[in-house]
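J.: Shown below is the structure under consideration.
The values are calculated or read from the model by the stated rules, or taken from the named source; none is laboratory data. The structure presented is a predicted model; accordingly, all values stated were derived computationally and were not measured. Neighbour counts run over all protein chains shown; Cβ positions are idealised from the backbone, glycine included.
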Amino acid sequence: MPIKTMIEAIRDALDAEMQNDPRVFVLGEDVGVKGGVFLATDGLYKKYGMKRVLDTPLNEIGIAGIAIGAAMRGLRPVAEMQFADYSLPAFDQIANEAATIRWRTAGEFSCPLVVRAPYGAGVHGALWHSQSVEALYAHRPGLKVVIPSTAYDAKGLLIAAIRDPDPVIFFEHKKGYRLIKDEVPDGDYTVPIGKARIAREGDAMTVVSYGLMLHYCLEAAQAEGIDAEVLDLRTISPLDRAAIVGSVKKTGKCLVVTEDTQSFSITGEIAAIVNEDAFEYLDGPVSRLATPDVPGMPHDPGQEEWLLPNREKIAEAMRKLARY
């Protein structure tokens, strides 16, 4: 199989679904002629034309509203928000409209749309381009929230998201766009939404993560020689409860690593799941490693690096839990 970057895999998924299904179209700021700020849609405008690759004004609430209306009329829109930070002006449309349509119409209507957005720090984007906002969307019933950690999963999960009958928020770590690369089939395939994967087998502890942080967890476990089982969530909502609990019952310890700030994040939900379903199997407290609770990433690269979890911090958290 060919080796592809995450951004190439995402572009492949969009191209494949646009070719397979005439209902699929892409909209967003600069997605057309420019091909997107990160070139995720590069070449699609030339191939499919302006009616299926729509350049929009700088109006996120409008992008989301158009996508919702199109989805309810039978189309399959894929709306790109240039950065996850910029999706927040559209939160009302996404959380109060798209998320509730199936429920408030008793199943008469659905809203099969995808909202794509690059998230995360590490590229010196400061407070306007560095947020991890997955917990905000995961808190809202009716939304699926997906974060791929590999190029293979990025393509398979995005195709699955486009085909899903309900709204999916699809976050892609911007630093991983060209950093992460692996084997990606050219053909059509899907990765199921809501299913985690074991990225590394182990018995000493369970390390739960996703996105770019997952790779740092794998590198830390390898460098330290710790027999950690590393679980890649892939989907933030719905969480794969069975996979989390099954791994913790096997290892007896759990460390959750996220780039998001710690308070009210995904880490707390996972800790609650372990406490409820695997408490008697624990040999130590559920540990969490996250970014400190600061309002935004600083401009200074050194301060940004100091705030973010990295391989060394993860390794130390693993050693501390192993010693307990």
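J.: Step by step: first the residues of region 251-265, then only those that are crowded, with 16+ Cβ neighbours inside 10 Å and of a type outside the set (A, V, I, L, M, F, W, C), then the one that is farthest from Lys313 (Cα to Cα). Which residue is that?
T.: Thr251
J.: A follow-up question, please. Can we say Phe109 is within 18 Å of Ile66 (Cα to Cα), surrounded by 16 or more Cβ atoms within 10 Å (Cβ to Cβ) and in the same structural domain as Asp164 (by TED's automatic domain parsing)?
T.: no
J.: Another question about this same structure. Of the residues in region 216-268, how many are touching a helix residue (DSSP H, G or I) at 6+ places or on another chain (Cβ under 7 Å), farther than 19 Å from Asp153 by Cβ and β-branched (Val, Ile, Thr)?
T.: Total meeting the criteria: 4.
For every residue, the table says whether it meets (1) assigned to a strand (DSSP E or B); (2) of a type in the set (A, V, I, L, M, F, W, C); (3) in contact with a strand residue (DSSP E or B) (Cβ under 7 Å, 6 or more places away or on another chain).
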| residue | (1), (2), (3) |
| --- | --- |
| Val123 | no, yes, no |
| Leu127 | no, yes, no |
| Ala135 | no, yes, yes |
| Ile159 | no, yes, no |
| Glu172 | yes, no, yes |
| Pro192 | no, no, no |
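J.: Within region 266-288, restricting attention to residues that are surrounded by fewer than 23 Cβ atoms within 10 Å (Cβ to Cβ) and not in a helix (DSSP H, G or I), which residue is farthest from the chain's Cα centre (by Cα)?
T.: The residue in question is Asp283.
J.: Same structure, new question: Starting from region 302-323, take each residue that is within 15 Å of Asp283 (Cα to Cα) and list its partners that are of a type outside the set (A, V, I, L, M, F, W, C) and part of a helix (DSSP H, G or I), counting only C-beta distances under 8 angstrom and pairs at least six apart or across chains.
T.: If the second residue must be of a type outside the set (A, V, I, L, M, F, W, C) and part of a helix (DSSP H, G or I), the pairs left are Met318/Glu224; Arg319/Glu224.
J.: Which residues, counting only those in region 64-99, are closer than 21 Å to Asp21 by Cα and of a type in the set (Val, Ile, Thr)?
T.: Answer for region 64-99, where residues must be closer than 21 Å to Asp21 by Cα and of a type in the set (Val, Ile, Thr): Ile66, Ile68, Val78.
Matching residues to (1) in contact (Cβ under 8 Å) with a residue 60 or more places away in the chain; (2) assigned to a helix (DSSP H, G or I); (3) farther than 27 Å from Pro141 by Cβ:
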| residue | (1), (2), (3) |
| --- | --- |
| Asp166 | yes, no, no |
| Arg178 | yes, yes, yes |
| Pro185 | yes, no, yes |
| Tyr189 | no, no, yes |
| Met213 | yes, yes, no |
| Tyr216 | yes, yes, yes |
